[in-house]
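Accompanying notes for the structure given below.
Every number here is computed from the coordinates shown, using simple stated rules; none is lab data. A quick note: this is a predicted structure, and the numbers were derived from the prediction, not measured. With ideal geometry, Cβ positions are generated from the backbone for all residues, glycine too; neighbour counts draw on all protein chains shown.
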Amino acid sequence: MSRIVVLLVLALMTLSACGAEPENDTATPGEPEAAAGPVAGPTSVLPGDIATLQVAESPEVGPVVADGQGYTLYLTTEDSTTPPKPTCLEPECTLTWPPLLARGGQFEATGVDRSLLGTVKRPDGLEQVTIAGHPVHRFVDDEQAGDATGHGTDGTWFAISPKGEKAAR
């Protein structure tokens with residue numbers, strides 16, 4: 001249901017933008033990161049922010065890595081891990097699976113082995129958090145912290161464990 005709502009909102013925004021005056025997209029020297037804006041989709045980490053990671057216990061799948069708000073993070077088996085390369089790049093994907101962003105490996109990680117953490121540069125220039133080489137994402141249909149409703153979606157999306165693997169259950 002929420003995917004349909006997101007698509008309808010996008011369609012309305014596109015239609016209303018057709019008659020609107022163009023916006024000035026130039027940034028002042030002090031705000032280049034703000035002008036870049038976040039990737040499409042609801043992500044709580046903006047470009048340049050420090051990503052906060054923690055281990056959480058999901059009732060559905062067991063121990064998982066979550067973001068700073070307690071939302072489960074996911075990997076997709078379609079991504080390459082050696083070297084890390086995300087495949088969820090288009091708005092149709094990033095609106096459902098927003099990437100977790102952090103600039104230059106800026107992390108606060110509780111309970112996660114720091115040697116597993118890194119970033120990968122996306123084609124838009126933003127840096128996405130990786131765990132054991134897996135670019136990680138949130139799932140838009142997780143309504144509250146601890147949800148793992150995206151686990152197993154399309155047989156390719158799985159909650160990520162603290163070891164950087166698919167969650168056990």
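Summary of values
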item	result
Cα centroid separation - the range 81-101 against the range 125-169, whole Å	11
Set of lysines with alpha-carbon distance to Lys121 below 21 Å, sequence-local pairs under 8 removed	Lys85
For Val120, net neighbour charge (Lys/Arg +1, Asp/Glu -1) across residues whose Cβ lies under 11 Å away	+1
Extended-chain gain in nm, criterion 0.36 nm per residue less alpha-carbon gap, Glu143 and Thr81	19.5 nm
Positive minus negative residues near Trp157 (Lys, Arg vs Asp, Glu; Cβ under 12 Å)	-3
Positive minus negative residues near Cys88 (Lys, Arg vs Asp, Glu; Cβ under 14 Å)	-3
